[in-house]
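Reviewing the structure listed below.
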Amino acid sequence: MKICILGSGGREHALAHRLSLDPVVEQIYVVPGNPGMLTTPKVECIPATFEMTSGFVTLIKCLNVDLVIPGPEVPLCEGFADLMKGTSIPVLGPRKEAAKLEGSKAYSKLFMQEFDIPTADFKIFEKAEEACEFLKTRPWGGRLVIKASELQAGKGVVVSDNLEEQLLTVERFMQDPKYPVKSRTLVIEECLPGEELSLFALCDGEEILYLGEARDHKRLLDGDKGPNTGGMGCYTHSSMVDEELQKRLEELVLLPVIQGMKKRGHPFRGFLFAGVMMDGDDIQVLEYNVRLGDPETQTLLPLIKGDLAQTFLSAARGQLKASKSLIFREHAMASVHIVMASENYPGLDGHALSLGHRISCDDALSEHNVKDVSLFYAGVKKEKEYLVNSGGRVLGVTALAPTLAQAQVKAYENLKKVHFVGAQYRKDIAARELNQK
Ligand code: AMP
Ligand code: GLY
């Protein structure tokens, strides 16, 4: 089987690496990929940028692959799966209409309301003045969340209990042309207490296969301080969700999406990622994404055993039922993933990232020869014969071990074998959960 993956980050490296372990997979093309991915056998990077054009479709067709897996949401929200309809190549991702579940927060909230999916109370606004009038009434005790409805690369959500900051957020999002977030529609919702969890399912339009859950660390600094990032680390272990809770999550959060989308005439095929807030027994959906998470994929995929490529292909063809038993999660192992980022990441307040530094790494680690440990590359490029850092999140190390504490120690031991000037990483991934025990 030949597979094409769209994207260039750690999530895509983890997908490529895991799929390369399946004997049925002969070749994996990653478009555009990154040169660090070439440490994984069977991988070839195709230096093209994603475009919604027939030329891009022709390029994919020329690769002669059996399956395309888009990593990020943008191609799906822009209609990549629709564009590929005319080819015979299956795409593991939803069409544009179903991808609105991620592409429009207003659509997603109304969908949840229609299909009785538990979610925070909310209101939708098209006019800044009306949103401000509403905020002045101090709804939900004044502590609330303001969200730009459209895709904003993770920058369009503000949690606040301060009226002044809330009014400023509305003005910035809707009226300030210089502000990086530009929004025509706002969702304002009640702020929920609890702990967040990311859930993942593979869907074929009719059925779901629960893949697992993971908890990521979005803040830059230890103790969940500092600015939000794309994710600084992540962990999972089998006692996070037991069989009974998994059944509840499937029934409350995941299956209603498949049923609702089918009812609307837009069957959902691909990865469904639900961000949920858990407060004791209470489960509320914060958001849906129509792709795998980054860095959740780097954490979860190494635990999934069996014929993954065949299962992905079956889902993309709408035939998941027959392949459901081909894969299983390794329940005896916990997984910890730690991200190493460039100096000044995430680059707020005009501080430029410090880039172009040579990455040195223990050979066995970089060649994937340390048992139960994987190194996944993200923001890297090649200069002469060396890899140098070229983006915010540069790489990450995943370690598997029988307990969460052991996986944490192993992940840090191995991450310390990687060096580049200005490298930063959190020292407390999974620590809060370990300290609670
Ligand atoms: P979203 O993109 O909708 O998942 O929001 C981004 C982040 O904002 C989430 O991961 C949460 O940390 C936070 N957030 C979003 N909605 C809520 C909510 N209703 N209550 C509390 N925190 C929220
Ligand atoms: N880790 C969160 C995301 O991928 O959106």
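Throughout, read-outs are computed from the coordinates displayed, never taken from laboratory work. The structure presented is a predicted model; accordingly, all values stated were derived computationally and were not measured. Backbone-built Cβ (ideal geometry, glycine too); neighbour counts: all protein chains shown.
Using a simple spin-label model with points 7 Å from Cα along the Cα→Cβ vector, what separation in nm is obtained for GLN27 and GLN246?
3.7
Which ³J(HN,Hα) values in Hz, rounded to whole numbers, follow from the phi angles of segment 370-385 under the Karplus curve 6.51 cos²θ - 1.76 cosθ + 1.60, where θ = phi - 60° and Gly and Pro get x?
Each residue's phi maps through the Karplus curve to give 9, 4, 6, 10, 10, 10, 10, 9, 10, x, 9, 9, 9, 10, 6, 9 Hz.
What Kirkwood Rh does segment 275-345 have if only Cα atoms enter the pairwise 1/r average? Answer in Å.
For segment 275-345, the Kirkwood estimate is 15.1 Å.
Roughly what % of Cα-Cα distances in segment 305-437 sit above 27 Å, to the whole percent?
37
Counting other Cβ atoms within 10 Å, which trypsin sites (Lys or Arg not before Pro) in segment 97-181 have at most 16 and lie in a DSSP loop? Could you put the intermediate results ahead of the total?
Working: sites: LYS100, LYS105, LYS109, LYS123, LYS127, LYS136, ARG143, LYS147, LYS155, ARG172, LYS178; in loops: LYS127, ARG143, LYS155, LYS178.
Passing sites in segment 97-181 are LYS127, ARG143, LYS155, LYS178.
List every residue whose amide H lies under 5 Å from the amide H of ALA120, counting only residues 5 or more places away in sequence or on a different chain, with H placed 1.01 Å from N in the peptide plane.
Amide H to amide H, under 5 Å and 5 or more residues apart or across chains, ALA120 pairs with VAL285.
Checking a compactness column here: for segment 65-121, what do you get for Rg(Cα) / (2.2 N^0.38 Å), N being the number of residues?
In units of the 2.2 N^0.38 Å rule of thumb, it is 1.33.
Which ³J(HN,Hα) values in Hz, rounded to whole numbers, follow from the phi angles of segment 196-207 under the Karplus curve 6.51 cos²θ - 1.76 cosθ + 1.60, where θ = phi - 60° and Gly and Pro get x?
7, 9, 9, 10, 10, 9, 9, 10, 10, x, 10, 10
Per residue, how much space in cubic angstrom lies within the convex hull of the C-alpha atoms of segment 15-128? Provide the component values of the computation, followed by the final result.
Numbers: hull volume 19.8 nm³, N = 114.
It is 174 Å³ per residue.
What is the distance, in nm, between label points placed 7 Å from the Cα along the Cα-to-Cβ direction at ALA48 and at ASP82?
2.1
Assuming R0 = 35 Å, what is the FRET efficiency of ASN228 and ALA332, from their Cβ-Cβ distance, to the nearest 0.05?
Numbers: r = 33 Å, r/R0 = 0.96.
Taking R0 as 35 Å, the efficiency between ASN228 and ALA332 is 0.55.
Using only the alpha carbons, work out the radius of gyration and Dmax of segment 240-363 in angstrom.
Considering segment 240-363 through its Cα atoms, Rg and Dmax are 18.9, 53 Å.
When the C-alpha atoms of segment 339-407 are aligned to their principal axes, what extent does each axis show, in angstrom, from largest down?
For segment 339-407, the Cα extents along the three principal axes come out at 43, 31, 13 Å.
How long is segment 110-166 along each principal axis, judged by its Cα atoms, biggest number first, in Å?
34, 26, 20
When the scattering of segment 109-229 is computed by the Debye formula from its Cα atoms alone, each counted once and equally, what is log10 I(q)/I(0) at q = 0.23 Å⁻¹?
-1.40
From the convex hull of the Cα coordinates of segment 220-277, what is the mean projected area in square nanometres?
5.9
Where in segment 131-145 does the label zone of LYS218 land, with the point 7 angstrom along Cα→C-beta and an amide N cut-off under 12 Å?
Within reach of a label on LYS218: 145.
Taking the alpha-carbon set of the chain, what are its Rg and Dmax in Å?
Rg then Dmax for the chain, in Å: 21.1, 61.
Which of ASP176, ASP294, ASP22 moves most in a GNM of the chain, Cα contacts under 10 Å?
Most flexible of the set in this elastic network: ASP176.
Starting at 0 and stepping by 5 Å, how many percent of the alpha carbon pairs of segment 383-437 end up in each bin?
In whole percents, the pair-distance histogram is 4, 15, 25, 20, 15, 10, 6, 2, 1, 0.
Separation between the ARG432 and LYS2 pseudo-spin-labels, each 7 Å from Cα along Cα→Cβ, expressed in nm?
For ARG432 paired with LYS2, the spin-label model returns 4.6 nm.
Give me the number: length gained by fully extending ASP349 to LYS262, i.e. 0.36 nm times residue separation minus the C-alpha to C-alpha distance, one decimal in nm. Numbers along the way, then the final one.
Working: separation 87, 0.36 × 87 = 31.32 nm, distance 4.48 nm.
The ASP349-LYS262 span can extend by a further 26.8 nm.
Calculate, in nm to one decimal, what ASP363 and VAL159 gain on full extension: separation in residues at 0.36 nm each, minus their alpha carbon distance.
Length difference between fully extended and current span is 69.1 nm.
Mean 1/r over all different Cα pairs, inverted: what Kirkwood radius does segment 180-251 give, in Å?
15.3
From the helices alone, meaning DSSP H stretches of at least four residues, give me the mean residue ellipticity at 222 nm for the chain, per-run term -39500 (n - 2.57), in deg cm²/dmol to the nearest 500.
-7500 deg cm²/dmol
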